[in-house]
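**Student:** Input: one structure, supplied below.
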Protein chains: 2
Amino acid sequence: MSAAEFDLIARIRARAGQRGGVVLGIGDDAALLQVPPDRQLVVTADTLNAGVHFPDATAPADIGWKSLAVNLSDLAAMGAVPAWCTLSLSLPQADPSWVDAFLDGFLDLADQHAIGLVGGDTTRGPLSISVTAMGLVESGGALRRDRARVGDDVWVTGTPGDAAAALEALQQGREAPKSLRQRLDRPMPRVAAGRRLSGLAHACIDISDGLLADLTHICESSGVGAEINLVELPASADLASVESNRRWGWQACGGDDYELCFTASPHNRDLIVQALDFTDVSATRIGRIVSEQGVRAFDADAQEWRPPSRGYEHFL
Amino acid sequence: MSAAEFDLIARIRARAGQRGGVVLGIGDDAALLQVPPDRQLVVTADTLNAGVHFPDATAPADIGWKSLAVNLSDLAAMGAVPAWCTLSLSLPQADPSWVDAFLDGFLDLADQHAIGLVGGDTTRGPLSISVTAMGLVESGGALRRDRARVGDDVWVTGTPGDAAAALEALQQGREAPKSLRQRLDRPMPRVAAGRRLSGLAHACIDISDGLLADLTHICESSGVGAEINLVELPASADLASVESNRRWGWQACGGDDYELCFTASPHNRDLIVQALDFTDVSATRIGRIVSEQGVRAFDADAQEWRPPSRGYEHFL
């Protein structure tokens, strides 16, 4: 470990704050954590690479926010309460002001969800951020992909597609409305919604690859199929007036706003609406689970709709 | 997630094997793990980048081995039993044969330590491997950096310096003896030794930055100092005949063979030797903990020795 790396870690450590259950945080060979005896541990790891997962010009604070948000979104999809995380940061050079700005975004979101930064490392290399997030869930209470049942409603939180619209504008050199850009740069992981859906939803996934692609993951894991009515897809004010085929491309195939897609018994419709009343997001019924394999989307004329592409492709 | 990424993950999942305590492994938004109620969770994260942490020409299987080994070494330094890990793999392109070879090394070491691969991701980007390893330790039984006491012996496992000698040869375009090269490419994390030192050692650290640098970390955390007799440093057959100043440079400042440095009461000398009898490595007393701050190394004439450099510098 060089003096520069040691300084960066001291900088991160000084700002990491406190969280319950941490016997030993940053500063030893490993962190030492106390998992409550009646809880299961939920663990997810996601990496963001410059130019692949965010445009090169993204502000460091937004990169910090997003690198934690994508991991919190996975915890949300499991119905878990965020607890601790580690951060592995590869940087072309030891740049304290970049790290400070990155931490502004990372720790802003971490504080909102009371997740403790307990370890990690800083290394030299092309800009890359790997986060591992750990959460806690009551034993048996986790939301899974493989529990969808024929006859379930299919729901989605929020107004999907906003981030994909912003990304397309950016890639075409146009300026996106600030509200859409915010959804791309600062996705809000649906942690509170995931918590409240535990016990109410059958299956759940976060939409990181696009609604149709991620619903396909639920269906394949559960051995079922799904039918989606695209006209039911809730659209933000920015997207409401966009021609529907174009809008559905973003909404059904873009994943960057990290909403949740879940299935639940029709008996739970009212309970679900009430449960989400107390969170920052509502949910909308957009289709149902069927026995026939595959995910099919239908347009306003009940004709099957073919998406322009299915989800974001890392290895194109 | 693209078809290519999905294929890679399916490949990894098929080979990941089974481990106790895994309620849900690879294939959902997150893994679901059961931590035994009388254990604390030990968590460490380390990233390896091509050209920084391993030479570009390193065989994929060796990269796989090493990326897990450096994390297991941190668990070893805490006295923890390896339990689970996640793997985030950034690759320039989706290359199944590279991933297969990487997994040969990674899973070979994982199987030796019965650690379960439970999650992670694959992304496009410059070659980079981030691993988070989780281990278990009896409550209160973890080895820490901040517990060294004045009067303690300072010990080191194995024959440090071998990997640094191999690395120097490599960097100078010379061929290193196979036995040294093996120590660089396939470091053996001292997991069994760490386990057996729990309750016997006061403080412990793995030597990733070099003996003197890492012993400095123990001393600073514990508010003490240390004196090391370089003539006591155990040398492998390959290094035994090398001129001592040159050899000590590798042994005192090279960290790539990931031995353990620990401190313990002189009363425990026999117990420590006996405890390590049942592991793959022995330990040697090389100095003692003193009240005067700082780490000082002495040569055969009891003159203070100045190292050529102090540890490996990531941000040079």
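What follows draws every value from the coordinates through simple rules; no lab data is involved. Please read these numbers as outputs of a predicted model, since none were measured by experiment. Every residue, glycine among them, receives a Cβ derived from its backbone with ideal geometry; neighbour counts consider all protein chains shown.
**Student:** Using a Cα-Cα cut-off of under 13 Å, which aspartates and glutamates could be cross-linked to B:Lys178, ignoring same-chain neighbours fewer than 8 residues away?
**Tutor:** Result set, ordered by chain and number: B:Asp162, B:Asp238.
**Student:** If the label for B:Gln112 sits 7 angstrom from Cα along the Cα-to-Cβ line, what are its distances to the same label in every other copy, in nm to one decimal, shortest first?
**Tutor:** Here the equivalent label points are 4.5 nm apart from this one.
**Student:** I want the antiparallel fraction of DSSP beta bridges within chain B, as a percent rounded to 5.
**Tutor:** Numbers: 41 of 57 bridges.
Among the beta bridges of chain B, antiparallel pairing accounts for roughly 70 percent.
**Student:** Let me ask another. Positive end of the charge dipole of chain A (Lys, Arg +1 and Asp, Glu -1 on Cβ, about the Cα centre): tell me which of A:Pro60, A:Thr159, A:Gln40 has its Cα farthest that way.
**Tutor:** Towards the positive end, the residue furthest out is A:Gln40.
**Student:** In the stretch B:137-189, which trypsin sites (Lys or Arg not before Pro) are in a loop and have at most 15 other Cβ atoms within 10 Å, using DSSP for the loop call? All intermediate terms of the calculation are to be shown ahead of the outcome.
**Tutor:** Working: sites: B:Arg144, B:Arg145, B:Arg147, B:Arg149, B:Arg174, B:Lys178, B:Arg181, B:Arg183; in loops: B:Arg145, B:Arg147, B:Arg149, B:Arg174.
Qualifying residues, ordered by number: B:Arg149, B:Arg174.
**Student:** Another question, then. For the stretch A:29-75, just run the numbers: alpha carbon Rg, then divide by 2.2 N^0.38 Å, N being how many residues it has. Present the calculation step by step, with values, prior to reporting the outcome.
**Tutor:** On the way: Rg = 14.6 Å, N = 47, 2.2 N^0.38 = 9.5 Å.
This ratio for the stretch A:29-75 stands at 1.54.
**Student:** Just to be sure I follow: if Rg is taken over the C-alpha atoms of the stretch A:172-217 and Rh is the Kirkwood radius over the same atoms, what is Rg/Rh? Present the calculation step by step, with values, prior to reporting the outcome.
**Tutor:** Details: Rg = 14.3 Å, Rh = 13.0 Å.
Rg divided by Rh gives 1.10.
**Student:** What is the sum of charges, Lys and Arg at +1 and Asp and Glu at -1, for the other residues whose Cβ falls under 12 Å from the Cβ of A:Val224? Before the final figure, lay out the partial values.
**Tutor:** Numbers: positive: A:Arg145, A:Arg147, A:Arg149, A:Arg288; negative: A:Asp146, A:Asp152, A:Glu220, A:Glu227, A:Glu292.
Overall, the nearby charge balance is -1.
**Student:** How about the stretch A:270-310: which chymotrypsin sites (Phe, Trp or Tyr not before Pro) there lie in a loop by DSSP and see at most 12 other Cβ atoms within 10 Å?
**Tutor:** Values: sites: A:Phe278, A:Phe298, A:Trp305; in loops: A:Phe278.
For chymotrypsin sites (Phe, Trp or Tyr not before Pro) across the stretch A:270-310 that sit outside H, G, I, E and B with at most 12 neighbouring Cβ atoms in 10 Å, the list reads A:Phe278.
**Student:** While we're on this one: Between copies, how close do the A:Asp100 label points come, placed 7 Å along Cα→Cβ, listed in nm from shortest?
**Tutor:** Counterpart label points of A:Asp100 in the remaining copies fall at 5.1 nm.
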